[in-house]
């Protein structure tokens, strides 16, 4: 026990141990078990699916193969596309509205506290409550669609949550290619930034991998066809309503983050800029926005992982069955508990975890690293 | 001058955006079921009809009680554990704490769908299937990362000299906690308790999968079922939504400052 | 002597029944308009066993879409309700019985003398390997087309007899300014429409062959079903997904649409909730192309293994299967009794006509309501529907349906 500096550190370890064991089981143990389940055939045989002691067989990555290239799982692929668009617009909406409101409130208008309270209150509500409210707001012939009639205009006709219209369609077969292009574009961008900043090693690595990826995309990537036919996926317009409700609920959060950031900028800095003759716009562009960049990044990541996990809002707003507004988190629930395809549900859960981890792990890493440095 | 006008115009439009749904909820909840039509959605009720609240109250009272029971116990337990853990991680860093902490934090970001199936089996195996206690256990465990994080950051502000002084006075690990750290923790507890209260009260996924028998249902599940069913009459879901929202809303209105602190702590550094 | 013996036994049983206490939890999706029928049954139960506390656990959502997911979490989580509503057929046998979750009720059937009180075909639906697993309470018909006679006269059209005729009538109505002659509701009602179209296009033999594996889903005949289905959809309202089945029926009653294809619980809704008289306020016909065929579904209650209040459940099942119970429940529910000896005078005009058809028609089972395909097929059929609705490609939908049928070993 000489690992521990003294008896008190040992006590400390013993106090935290139960929590560590619990989290070890509930987080890592269960993730591992889900992963194992996702490699089995649990649920394919109806006799075993709901049996008290199911007999299940190991089938490798078959469930994953089906999800990405199987004929029947088109819904999962559309759900991935849905999540992508939802995440993008949800983050954009929250950031721009949140920043706008924070800037206005930062200028201390009359009744600032009142407005802040109003903009933030949806954060305290359950997604279920928000969903219930907005479900009513977005009834096809009522709510929002009736608003124009209040000022004498004709009623809106948009079928908010049930519209089957889809725009920006791409074939699933083109996705590997497009993804490779986008990722290499980002890498090139990083490389340029690195060279400018004088970090040559970083620059070489980034530009090298960009070149490799491009090479792959233009040769092998073009001929890679996950599906034997073209399957079109795009942005479901039915999601506009969901995005609206989600922004209503969460933009207060970004506002609070930005407001805290703005209040943290010393007044002298602004004064100095004004003395130097900077216009109000230049002040924001040159001084304030760059200072807010780390907050934007944090907010993007927090919002991003919320949007990847979004479940209750859609459940309450459109119901679990409304395919145009489906997402993987919801499909996992349906696949497991309604279609009894437990192993496939586990596979969807794992894919969701990978998506979230891709966002969160680098973030946690950088946050804690910078903290140690500090 | 123009800046001022634009500023207040923005505030006005934003206020409208945030408050219109509230107006609609209240107005709908106060209408007679037969008076609720899509075309008169936005009009004030002609007769003020309080019956919906009475009905929602009788239907939801047991569920509200479930939610209170669950939320209060799970919040207090996770706050206590979080405080002790935070104390350890801030002041008694054992070997390997630097690795353990991020591993703990990851637990608060995972999509719970990735643990749902084994979790479900586990709760059944230990005999808590379908009970509120099972749900409490789950909320306490998955609440640990955030409560630990908030307390750890909070205790980091307590100067090490104070701990040293305690040691010189002969106090040990527990003595320092109970005599020095705990008495200073009240604001930390307020933040954590408010945060956990809101989170657990509002939670849905665990509630709908782990506790589905109506006798043990928390309010969110009951509301989702009421509104998601064949709700042709919207007065009841709206009154129900108000009831379900009230506790967290009150907390927010009266303790908003602490609520915002919990919010900001959620983005890791705080 | 025998009489005396029986009297003694009955008295003994009666006092036992009186002594019976504890709880009984009934799980179903009969809320709202369908609630009173269940309540009538519960009231009867309470009269017989006043000391038993009955917990009425309903989960709303038409055709049990929400309820089934909740039921599953409860069964898997080791918290089974004492008795739950389940559609007779594959939803029961292919989901719960094969998984060894239900108790054998054959002794109860023998004891109560039910073997010749229920139609043979129905008992087959609730049997697995020669044993019986649930007690059917009612029979519903799935393939019914509803309309308002006065409105049809006003528009000058007759209820169509085939789907081809339906499409012609649809054009006529559209030319008279009726935007969507067919009223349609949320997801499962679209699948409900599909099964009526399939039955009408394929006929009873081929329809039944789909479920025993003799007719493949990618057969040109079934592709033709999807094509017809697509044209029928063009006659329906665009906001379907946002409407409950009741709201879709309302469209017909309000004259915004001419027809609605829905199970005959719609008759219950129109008579009980809307106060309309069958034959005057609303009219009905078999859905196009299905005259002489009765597509049935039946709600039943079973006994899950490991329940807490087994005796109370057995008493509940006795009531559910009794003549008294069924004649109290069904007139309110808008369904006919599963027993063959019910009293027609307790039923309204629509139900009496359904009783006649039930006795004389060819019987087939419903897909959406769990009679002919296991849950694993049925719930994934929703995906097939999505493929069709988003692509309008009949062949793709047919292929997907066959892929699922193969995967779940339908008909084997």
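Yes/no matrix, rows are residues, columns are (1) in the same structural domain as residue B:27 (by TED's automatic domain parsing); (2) surrounded by 15 or more Cβ atoms within 10 Å (Cβ to Cβ):
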position	(1), (2)
B:42	yes, yes
B:45	yes, yes
B:60	no, yes
B:65	no, no
B:71	no, yes
B:74	no, yes
B:77	no, yes
B:81	no, yes
Name the single residue that is nearest to the chain's Cα centre (by Cα) among those in the stretch B:17-33 being under 15 Å from residue A:147 (Cβ atoms) and either outside any helix (DSSP H, G or I) or more than 10 Å from chain A (Cβ to nearest Cβ) (or both). B:23
Of the listed residues (C:91, C:103), the one being touching a residue at least 40 places away in the same chain (Cβ under 8 Å), touching a helix residue (DSSP H, G or I) at 6+ places or on another chain (Cβ under 7 Å) and more than 11 Å from chain B (Cβ to nearest Cβ) is C:91
Of all residues in the stretch C:223-245, which are within 25 Å of residue C:409 (Cβ to Cβ) and either within 14 Å of chain A (Cβ to nearest Cβ) or surrounded by fewer than 22 Cβ atoms within 10 Å (Cβ to Cβ) (or both)? C:223
Would you pick out the residues in the stretch A:74-114 that are within 23 Å of residue A:281 (Cβ to Cβ), more than 25 Å from the chain's Cα centre (by Cα) and without any contact (Cβ under 8 Å) to a residue 60 or more places away in the chain? A:104, A:107, A:108, A:109, A:112
Tally time: how many residues in the stretch B:1-40 are exposed (fewer than 13 other Cβ atoms within 10 Å of the Cβ) and either within 12 Å of residue A:143 (Cα to Cα) or in contact with a strand residue (DSSP E or B) (Cβ under 9 Å, 6 or more places away or on another chain) (or both)? 3
Considering (1) buried (at least 17 other Cβ atoms within 10 Å of the Cβ); (2) in contact with a strand residue (DSSP E or B) (Cβ under 6 Å, 6 or more places away or on another chain); (3) closer than 22 Å to residue C:341 by Cα, say which one residue C:106 fails and leave the rest. (1)
With criteria (1) free of Cβ contacts under 8 Å to residues at least 40 places away in the same chain; (2) part of a helix (DSSP H, G or I); (3) touching a strand residue (DSSP E or B) at 6+ places or on another chain (Cβ under 7 Å), residue C:121 comes up short on (1)
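Only one of these is out of contact with any helix residue (DSSP H, G or I) (no Cβ under 7 Å at 6 or more places or on another chain), within 30 Å of residue A:79 (Cβ to Cβ) and in contact (Cβ under 8 Å) with a residue 40 or more places away in the chain: A:257, A:237. Name it. Full working, then the answer.
Details: A:257 fails: out of contact with any helix residue (DSSP H, G or I) (no Cβ under 7 Å at 6 or more places or on another chain).
So the residue among A:257, A:237 that is out of contact with any helix residue (DSSP H, G or I) (no Cβ under 7 Å at 6 or more places or on another chain), within 30 Å of residue A:79 (Cβ to Cβ) and in contact (Cβ under 8 Å) with a residue 40 or more places away in the chain is A:237.
Listed here are the residues, each with its yes/no results for (1) touching a strand residue (DSSP E or B) at 6+ places or on another chain (Cβ under 9 Å); (2) crowded, with 21+ Cβ neighbours inside 10 Å; (3) modelled with pLDDT of 90 or more; (4) closer than 30 Å to residue A:161 by Cα.
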residue	(1), (2), (3), (4)
C:257	yes, yes, yes, yes
C:277	no, no, yes, no
C:280	no, no, yes, no
C:289	no, yes, yes, no
Might you let me know whether the stretch B:241-255 holds any residue that is in a helix (DSSP H, G or I) and within 14 Å of chain C (Cβ to nearest Cβ)? no
Matching residues in the stretch A:334-359 - criterion: being within 19 Å of residue A:246 (Cβ to Cβ) and at the interface with another protein chain (Cβ under 7 Å from one of its Cβ atoms): A:352, A:356
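Please list, ordered by residue number, the helices (runs of 4 or more DSSP H) wholly in the stretch B:175-232 having 2 or more residues that are more than 20 Å from residue B:57 (Cα to Cα) and under 21 Å from the mean Cα position of the chain (by Cα). It would help to see each step written out before you state the result.
Numbers: elements: B:186-202, B:205-210, B:219-228.
Result: B:186-202, B:205-210.
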In the stretch C:49-69, which residues are within 10 Å of chain B (Cβ to nearest Cβ) and touching a strand residue (DSSP E or B) at 6+ places or on another chain (Cβ under 8 Å)? C:55, C:56, C:57, C:58, C:59, C:67
From (1) at the interface with another protein chain (Cβ under 8 Å from one of its Cβ atoms); (2) closer than 16 Å to residue B:85 by Cβ; (3) surrounded by 24 or more Cβ atoms within 10 Å (Cβ to Cβ), pick out the condition that doesn't hold for residue B:114. (2)
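Results for (1) modelled with pLDDT under 95; (2) within 18 Å of residue C:285 (Cβ to Cβ), shown as yes or no for each residue.
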residue	(1), (2)
C:138	yes, no
C:147	no, yes
C:158	yes, yes
C:175	yes, no
C:178	yes, no
C:190	yes, no
C:208	yes, no
C:214	yes, no
C:225	no, no
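Only helices (runs of 4 or more DSSP H) wholly contained in the stretch C:332-412 count here; list those with 2 or more residues that are away from chain A (no Cβ under 14 Å), at negative phi and modelled with pLDDT of 90 or more. Step through it out loud before you land on a result.
Working: elements: C:349-360, C:375-391, C:394-407.
Answer list for the stretch C:332-412: C:349-360.
The values are calculated or read from the model by the stated rules, or taken from the named source; none is laboratory data. Since this is a predicted model, take the numbers as computed values, not measurements. Backbone-built Cβ (ideal geometry, glycine too); neighbour counts: all protein chains shown.
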